Each structure stands twice: as C-alpha cells, then as structure tokens.
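Asks: Take a look at this one; I'll ask things after.
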Amino acid sequence: MHRVHLVIQGRVQGVGFRYFVLRQAESLRLAGWVRNLADGDVELEAEGDRASLEALVEAARRGPSSARVTNVVESWSESAPRYSRFSAQ
C-alpha cells in the first residue's frame, strides 16, 4: 500500500482547505485524514494507489481558490493499510 504524508504551508486555514482535500480524497477513493496544525499549516496522510495519491498531491498544491499554498513538504512510504476511509479532523 502506498502512503503519502504532506504538510501544506501558506494561507491554508480558514479557507475550506480540509474539506477541499476531503472531497478530493473521497473522489479518488483514498483513505486517511487531514487536520489543521497549531502553527497554521495543514497536515494530511493518505493511502491508496500511487496514481490517485499523486493526483491528491497535485490538488493539495493548488488548494481551493481562496487558499495560497506556498510550500508542500512531501514524504512517501509503503506499508500495510491503516485506514478504512478519509476523514477531516
């Protein structure tokens, strides 16, 4: 199982970013989570097939129209599945 962990930086809180990611992940049939961090960043972890994860990463780099993404810290790994669905925390 492929997994990606992202920390998205910029103007990404208070602009619907988590729900944008949630909708994208659900449409791509990915499992995992997305949450706001105390420092103003957004963090997510998703698992699924590589092509769908790459599509999610590209969507996160854009974000919703009101967001301004300045940086994405990306980390890839493989392991047994951890999640059964995608959630916004």
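Only the coordinates and a few stated rules stand behind these numbers; no lab work does. Model, not experiment: these values are computed from the prediction. Please note: Cβ atoms are built from the backbone with ideal geometry, for glycine as well, and neighbour counts cover all protein chains shown.
Asks: How tilted is helix 50-62 with respect to the longest principal axis of the chain? Cα atoms for both, answer in degrees (0 to 90, nearest 10).
Replies: That works out to roughly 0 degrees.
Asks: Local charge sum around ALA88 (other residues, Cβ-Cβ under 10 Å, Lys/Arg +1, Asp/Glu -1)?
Replies: +3
Asks: Let me ask something else about it. Show me, bin by bin at 5 Å from 0, the whole-percent P(r) of the chain based on Cα pairs.
Replies: Percent of pairs per bin, in order: 3, 16, 30, 27, 16, 6, 1, 0.
Asks: Let me ask something additional. Remind me, relative contact order of the chain in percent, using alpha carbon pairs under 8 angstrom and six or more residues apart?
Replies: About 48 percent, as a whole number.
Asks: Now for a separate question. Using the Cα gyration tensor of segment 1-48, with a ≥ b ≥ c the square roots of its eigenvalues, what is the shape: rounded (a/c below 1.5), prolate (a/b larger than b/c) or oblate (neither)?
Replies: Values: a/c = 2.92, a/b = 1.59, b/c = 1.84.
Since a/c reaches 1.5 but b/c is at least a/b, the shape of segment 1-48 is classed as oblate.
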